[in-house]
Each structure stands twice: as structure tokens, then as C-alpha cells.
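Notes to accompany the following structure.
Laboratory data are not the source of any read-out in this text; all were calculated from the coordinates shown. Everything numeric in this text was worked out from a predicted model, so none of it was measured. Cβ atoms come from the backbone with ideal geometry, glycine included; neighbour counts cover every protein chain shown.
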Amino acid sequence: MGIDRYGVDEIALAISRPIDKDLLQLLTNFHERGVAITPMPVLYEKLTGKVAVEHIGSQWYSTLPLNKNPFDTFNRIGKRCLDLICGIIIGSIFAVVFPFVAIAIRLDSPGAIFYKQERVGQYGAKFTVYKFRSMVQNAELNGKAQWAVKGDARITKVGNFIRKTRLDELPQVLNVLRGEMSMVGPRPERYQFIKELQQQIPFYRTRLAVKPGLTGWAQINYGYGSTIQDALIKLQYDLYYLKHWSPWLDLKILLRTFSVVLKMQGQ
């Protein structure tokens, strides 16, 4: 057989049609000879760190961690403890940098120091998120939600700096300490955007199964997005996080976020 001639030890199964009995028998023969059979969605996750939601089709179950519950009671308690420890540490940093950032914001442009906005959290619950103001006051005059884009003219000079260093997100430590957010998870989104995106992107509301995060798998791998396509890509990363969550993945994300802050690679 070809598998012996070429030394095949793994086969990627990339088909969209149902498996007929002949193909099933062939795969069974391969498996009996020690060849690993890997479905394309699984291989895609290993190679990219994303879940390919646009190619799942009837295999909806591959988007969910059905073989385990990564957020059971024990893990939730452990994650909350990590949130409180990190929240206290970051809260101390927030207290130190607050007067300097506040003065810089006030001198750079007229308006409030803080910016607050309603976001959607776990299970669709709404809460108010806090940030240092990085845009001009009343950036959305018509009251309609708008994507921020690269080189957005509404971003102030100081705002550009605190975005690159992620300092604008520091006030959200209050949301973490109050239990509305976690240190790591999908970023909280506005209701208007979620309402639009869930109609265009399959499985979009699945990301609401966990608490939103101050940072996340999507943020360290993709950065900021301002289009439907960007939202789709970030959802792929968010679903991967939901499927493969572990304390070590959270730690990895936190360390890489710290690197982004030091290198001023935020957006």
C-alpha cells in the first residue's frame, strides 16, 4: 500500500461530504495499521490556534469542548483567584500611573479623563466598562456605534500612546475585581455590534459563554479589528480559547500581553 511505500503515519481527512462505507472501511484499515486519522478542523486548530467556523458546516460540535468542561466549579474558583491576585497587582499599578495619565489626557484635549461604555458580558449580561479616554470628547456625535479604525482621526496624541501601551485598558481592573470581567477571555463587545455580527457570523454568541477578558487569545494573536472579516477571525481565536482553556493557556496569554505592552505593540 501507498502508506508503506511513503512512510505515512498521519492522514488529514479534508472532505465536506458524508463518509460512505467504502471510505470508512479504508480509514479503518489505515487506523489498524497505526496511521493517525486527523479531521481537517482538528488539524487547522493545531496549525493556526483558531477554530475554522466558516468551514464547519454540519460539524457544529467541533466548536465546543464537548469532551470536557474546562470551566467547571474547581476551574472557575481557580480562575477567579487568579483574577483577584492579578487584579490587586494591576490595581496597584493603576493607582500609581493614574495621576500622570490623567494630567496628560486633560492637557492634551478637553473632556473627561475616563470613558465609560455599556458592553455585553457573560451570558449576555450588560455592564459598564471603564477606560482612560483616548479619543476626542463626544467621538460619536450621532450616538451610533462606530468601529475604530487604524489612524482614526478621533484618537488624540496621548490616546495614541496609551493605546499602544494598553494603558487605556487599565481602569477595567475595576471590572475584574467586581467579577464582571476576567483577566483573560474574549474582549467585551458592544450590544449593537453583537446584534449585527451574530446575524452574519455563525456561532458568534458562543463567545459569551465565558466572562470577557482584559486581554485574550485573539488580542495577542490578531490585534485590533474594524471589519466583519476581522470579527470573524477574532471569533476563531475566541472559540479556540473556549475549547482549549487551561491555567497554562491563561498564563501564556498574560505573559505575551506583558510583552506587547513593553514593546508598545497595542492598537
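In order along segment 114-120, phi translates into HN-Hα couplings of 9, 10, 10, 7, 7, 10, 9 Hz, rounded to whole numbers, per the Karplus curve 6.51 cos²θ - 1.76 cosθ + 1.60 with θ = phi - 60° and x for Gly and Pro. Paramagnetic label reach from Arg178 (point 7 Å along Cα→Cβ; backbone nitrogen cut-off under 13 Å): within segment 121-137, residues 121, 126-131.
Taking the Cα centre of segment 73-263 as origin, work out the dipole magnitude from +1 charges on Lys and Arg Cβ and -1 charges on Asp and Glu Cβ, in debye rounded to 20.
Working: 28 positive and 13 negative charges, 22 e Å.
The calculated dipole for segment 73-263 is roughly 100 debye.
Normalised by 2.2 N^0.38 Å, where N counts its residues, the alpha-carbon radius of gyration of the chain equals 1.19. The modelled label-to-label distance between Ser246 and Ala14, using points 7 Å beyond Cα along the C-beta direction, is 2.7 nm. For segment 129-135, backbone phi angles converted through the Karplus equation (6.51, -1.76, 1.60; θ = phi - 60°) give residue-by-residue couplings of 9, 10, 8, 5, 5, 10, 10 Hz, Gly and Pro being listed as x.
Could you put Leu26, Leu235, Leu254 in order, starting from the residue whose Cβ has the fewest other Cβ atoms within 10 Å?
Numbers: Leu26 13, Leu235 25, Leu254 18.
Sorted ascending by nearby Cβ count, the order is Leu26, Leu254, Leu235.
Here the contact order of segment 77-202, divided by its residue count and restricted to Cα pairs under 8 Å and six or more residues apart, works out to 33 percent.
Taking 0.36 nm per intervening residue step and subtracting the Cα-Cα distance, what contour gain separates Lys116 from Met40 on full extension?
Details: separation 76, 0.36 × 76 = 27.36 nm, distance 4.23 nm.
Length difference between fully extended and current span is 23.1 nm.
Per-residue 3J(HN,Hα) values for segment 236-244, derived from phi via the Karplus relation 6.51 cos²θ - 1.76 cosθ + 1.60 with θ = phi - 60°, read 4, 5, 4, 5, 4, 4, 4, 6, 10 Hz in sequence order (x marks Gly and Pro).
By DSSP, the beta bridges lying fully in segment 73-263 are antiparallel in about 80 percent of cases. Measuring max minus min along each principal axis, the C-alpha atoms of segment 153-239 give extents of 37, 33, 24 Å (largest first). For segment 67-124, the mean projected area of the C-alpha convex hull, equal to one quarter of the hull surface, is 6.3 nm². Taking the number of Cβ atoms within 10 Å of each Cβ as an exposure proxy, the fewest-first ranking of Cys81, Cys86 is Cys81, Cys86.
Hey, can you grab everything whose amide H is under 5 Å from the amide H of Leu214? Only 5+ residues off in sequence or another chain; H modelled, so Pro and N-termini drop out. Distant-sequence amide H within range of Leu214: Ser182, Met183, Val184, Gly185. Taking other C-beta atoms within 10 Å as the exposure proxy, Glu32, Glu45 rank Glu32, Glu45 from fewest upward. Here each label is just a point 7 Å from Cα along the line to Cβ, and for Ala125 and Thr48 those points are 3.3 nm apart.
Per residue, how much space in cubic angstrom lies within the convex hull of the C-alpha atoms of segment 2-48?
Numbers: hull volume 3.7 nm³, N = 47.
Cα convex hull per residue, to the nearest whole number: 80 Å³.
Computed from label points 7 Å out along Cα-Cβ, the spacing between Asn160 and Phe100 is 2.0 nm.
Length gained on full extension, Asn29 to Arg256, computed as 0.36 nm times the residue gap minus the Cα-Cα distance: 77.4 nm.
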